[in-house]
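Notes follow once the structure below has been shown.
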Amino acid sequence: MFLNLKLLSTFIVYFWTLTLIAQKPFALTNPPAQAEIFGISTGFSERDFAISPDGNEIFYTLQSPQGIFQTIVYCRKAPNGTWSKPEIAPFAGKFSDLEPAFSADGQKLYFASNRPMQGTTPKDFDIWVVSRENGQWREAQNLGSPINTPEDEFYPAIARNGNLYFTAAYQMAVGKEDIFVSRFEQGKYTQPTPLDTAINSKTYEFNAFVSPDEDYIIFTSYGRKDDKGRGDLYMSIRDATGKWLPAQHLSMLNSNRLDYCPYVSPDKKMLFFTSERINIPNAYASAAVKIDDLFKTFTSPQNGTGDIYWVSFDKVIEGFKK
């Protein structure tokens, strides 16, 4: 019993240390040529990523183990170029909110949430939007029909013209989970339709980033023949006629773990994504591991909970065109 209490107290010390330490200093410049862990990753589960068009804010999702609860957090850039510690977004923190996506002008933020329309009982996941006026975020609004249904809707991506892309598993889907688009026409959203088979397949497609001008799309698919394992990133471009070309596997980014939640910065210089890759040994053959080393390993990035990676988008395009 004494040993268990000692281990528990050690874990509590590590936990509180992690919560009090800010992320490593980082800057949104000079992205690496190969994918590396981005500075906000702590060993807790971070996923999704969005940069405000002016470059002064980043929003992402902090998720509990097994995804029981998640919330959107943000950091702000100071005049000297340093970034603040993460804070829960003003419009989040009560229900599960995730997958933030800015409008092209930065005055709206779209996200997925299970918050109820009324009352306090969580519902299915819908797409919501929150507007910013005079520098302040207003009350979030449910996009309603035809975007939202009694099924779950996830991972919004908003084009410059208002067209909205998202993930859903509807009965009329091409596969088991698909990427849909609802066009914004005459101030209203049209009935969502699945993207064609250049993007969607009979397996799983989800979490798509669509460029503001809709000239390329990056998404995750699981179950394709070239999938390295658990879900990989793919990319498609649009030709001069507006047709999506068959998606290609982004081999330079993918691992044998889940790689998902892609996002390209407004300046098109950086690609961010989430990966659940692991760097934990399955044996300590040379000597018995020490408890302090275990705590450090289990609570550091690449422990399988999900970390945010970044890479030069120019390098990704180079590899895509080969």
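Read-outs throughout are calculated quantities, based only on the coordinates presented, and are distinct from any laboratory measurement. Every value quoted in this text rests on a predicted model; they were computed, and no experiment measured them. Note that each Cβ is placed from the backbone with ideal geometry, even for glycine, and that neighbours are counted across all protein chains shown.
Can you tell me the relative contact order of the range 42-321? Whole percent, Cα pairs under 8 Å, sequence separation 6 or more. List each step's numbers first, then the result.
Working: 691 pairs, mean separation 40.5, N = 280.
In percent, rounded to a whole number, it is 14.
Taking N as the number of residues in the chain, what is its alpha-carbon radius of gyration divided by 2.2 N^0.38 Å?
1.02
Going by C-beta contacts inside 10 Å, put Phe38, Phe180 in order with the fewest on the left.
Final ranking by Cβ density, sparse to dense: Phe180, Phe38.
If you average the C-alpha positions of the range 120-160 and of the range 89-116 separately, how far apart do those two centres end up, in angstrom?
When both Cα centres are located, 7 Å separates them.
At 222 nm, what helix-only mean residue ellipticity would the chain give, in deg cm²/dmol to the nearest 500, using -39500 (n - 2.57) for each DSSP H run of four or more? Please report the intermediate quantities before stating the final value.
Numbers: 3 runs with 36 residues, N = 322.
Dividing the helical sum by the residues of the chain leaves -3500 deg cm²/dmol.
Per-residue counts of other Cβ atoms within 10 Å, averaged by peptide: what ranking do you get for 221-230, 246-255, highest first?
Going from most to least packed, we get 246-255, 221-230.
Taking a cut-off of 19 Å between Cα atoms, list the aspartates and glutamates near Lys269, but don't count ones fewer than 8 places away on the same chain.
Glu36, Asp48, Asp54, Glu57, Asp105, Asp213, Glu214, Asp215, Asp314, Glu318
Quick check: from the Cα gyration tensor, does the range 144-273 come out rounded (a/c under 1.5), prolate or oblate?
oblate
Neighbouring Cβ atoms within 10 Å as the yardstick, rank Leu271, Leu258 fewest first.
Leu258, Leu271
Could you calculate the contour length gain from Ser131 to Ala198, that is, 0.36 nm times the residue separation minus the distance between their Cα atoms, to one decimal place in nm? Working shown, then result.
On the way: separation 67, 0.36 × 67 = 24.12 nm, distance 3.35 nm.
Gain on extension, Ser131 to Ala198, equals 20.8 nm.
Pick out the long, greasy-scoring helices in the chain: whole DSSP H runs spanning 15 Å or more along their own axis by Cα, mean Kyte-Doolittle at least 1.0.
In the chain, the long hydrophobic H runs are 2-20.
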